[in-house]
Ligand SMILES: Cc1cc2nc3c(=O)[nH]c(=O)nc-3n(C[C@H](O)[C@H](O)[C@H](O)COP(=O)(O)O)c2cc1C
């Protein structure tokens, strides 16, 4: 990345509260944190570790992936638990595999509703983690392309510069994109869409080794082993975490079996977002 502004002796403290299903978003957050010089950022998995105490931080980042052209339901559930802030500075960030939709705009809206002042936002095109897309040959393994990576780096530089101004006590200008304002008017997808698309899940009992990976990683606590995985469809949101992470590819649906799993960031992405 190109050079950044001076580091303040009194470095600002920041926290990035993220939700990452298969690691792309986490990797991108690590990249942001390691390329920002004016803020010392800590990464916090808000879904796993719950809402942190935000008092010690000057700036908060909210990051997630696109889940049916919106932020995942879970990030909303956790954001709602944050106590109302008095204009604490925030930025929003998301990764997406194909169509970003309203993700960033909605995330920013939710943060504003909790009293944050959203100073910046960015959406990064990454490889797909949605198995039906990968199985259909649209894994977008090449994403982000050179232009998208440059735009990401520019976002980080701008954010760093703004944080530098913050550290020096100067006012920062908050830009609102016209496209974002228009996207805000688009209606929200039903939260049951993803679950219905995935449908009923089955277990290949011959392949399942009862390792509990699905149970441990299900963010909605919808799986219990008895002794093979049993799915509570009232809790399931169709996030494909069980399908993506099963080391034995034992979980399948009516349409997809043994294909399109994305358990962790692929090497191409890791190489582009080296920290
Ligand atoms: C259930 C599910 C739904 C998704 N929906 C979308 C979508 O609507 N648009 C899109 O561009 N990508 C979508 N994706 C792809 C992810 O947003 C993308 O691959 C992201 O980088 C994954 O981040 P993560 O590895 O941090 O979970 C979806 C992925 C999953 C698992």
| message | Quick check on segment 61-81. Is at least one of its residues more than 15 Å from the chain's Cα centre (by Cα) and in a strand (DSSP E or B)? | response | no
Checked 249, 228, 209 against criteria (in contact with a strand residue (DSSP E or B) (Cβ under 8 Å, 6 or more places away or on another chain) and either under 20 Å from residue 67 (Cα atoms) or at pLDDT 95 or above (or both)); the one match is 228
When restricted to 94, 100, the only residue in contact (Cβ under 8 Å) with a residue 60 or more places away in the chain and under 14 Å from the mean Cα position of the chain (by Cα) is 94
Subset of segment 72-100, residues at pLDDT 95 or above, under 24 Å from residue 135 (Cβ atoms) and buried (at least 22 other Cβ atoms within 10 Å of the Cβ), comes to 94, 95, 96
Being within 16 Å of the ligand (Cβ to nearest atom) and surrounded by 14 or more Cβ atoms within 10 Å (Cβ to Cβ) narrows 194, 162 down to just 194
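Does residue 15 satisfy being more than 16 Å from the ligand (Cβ to nearest atom), modelled with pLDDT of 95 or more, more than 24 Å from residue 242 (Cβ to Cβ) and not in a strand (DSSP E or B)?
Judged against the criteria, residue 15 is not a match.
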(1) at pLDDT below 95; (2) under 19 Å from the mean Cα position of the chain (by Cα) all hold for residue 165 apart from (2)
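Name the one entry in 177, 235 that is over 19 Å from the mean Cα position of the chain (by Cα) and touching a residue at least 12 places away in the same chain (Cβ under 8 Å). Give the derivation first.
Details: 177 fails: touching a residue at least 12 places away in the same chain (Cβ under 8 Å).
Going through 177, 235 in turn, just one is over 19 Å from the mean Cα position of the chain (by Cα) and touching a residue at least 12 places away in the same chain (Cβ under 8 Å): 235.
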Of (1) farther than 21 Å from residue 244 by Cβ; (2) in contact with a helix residue (DSSP H, G or I) (Cβ under 8 Å, 6 or more places away or on another chain); (3) assigned to a loop (DSSP other than H, G, I, E, B), residue 90 satisfies every one except (3)
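Checking the conditions here, which among 243, 256, 262, 220 is touching a residue at least 60 places away in the same chain (Cβ under 8 Å) and part of a helix (DSSP H, G or I)? Full working, then the answer.
Numbers: 256 fails: part of a helix (DSSP H, G or I); 262 fails: part of a helix (DSSP H, G or I); 220 fails: part of a helix (DSSP H, G or I).
Answer to the selection: 243.
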- Query: Are any of the residues in segment 126-142 closer than 24 Å to residue 15 by Cα, more than 17 Å from the chain's Cα centre (by Cα) and more than 11 Å from the ligand (Cβ to nearest atom)?
  - Reply: no
Taking segment 33-59 and the residues there that are crowded, with 21+ Cβ neighbours inside 10 Å and in contact with a helix residue (DSSP H, G or I) (Cβ under 8 Å, 6 or more places away or on another chain), the one that is nearest to residue 217 (Cα to Cα) would be 46
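The values are calculated or read from the model by the stated rules, or taken from the named source; none is laboratory data. Just so it is clear, the structure is predicted and the values come from calculations on it, not from any experiment. Methodologically, a virtual Cβ is constructed for each residue, glycine included, from the backbone with ideal geometry; neighbour enumeration extends over all protein chains shown.
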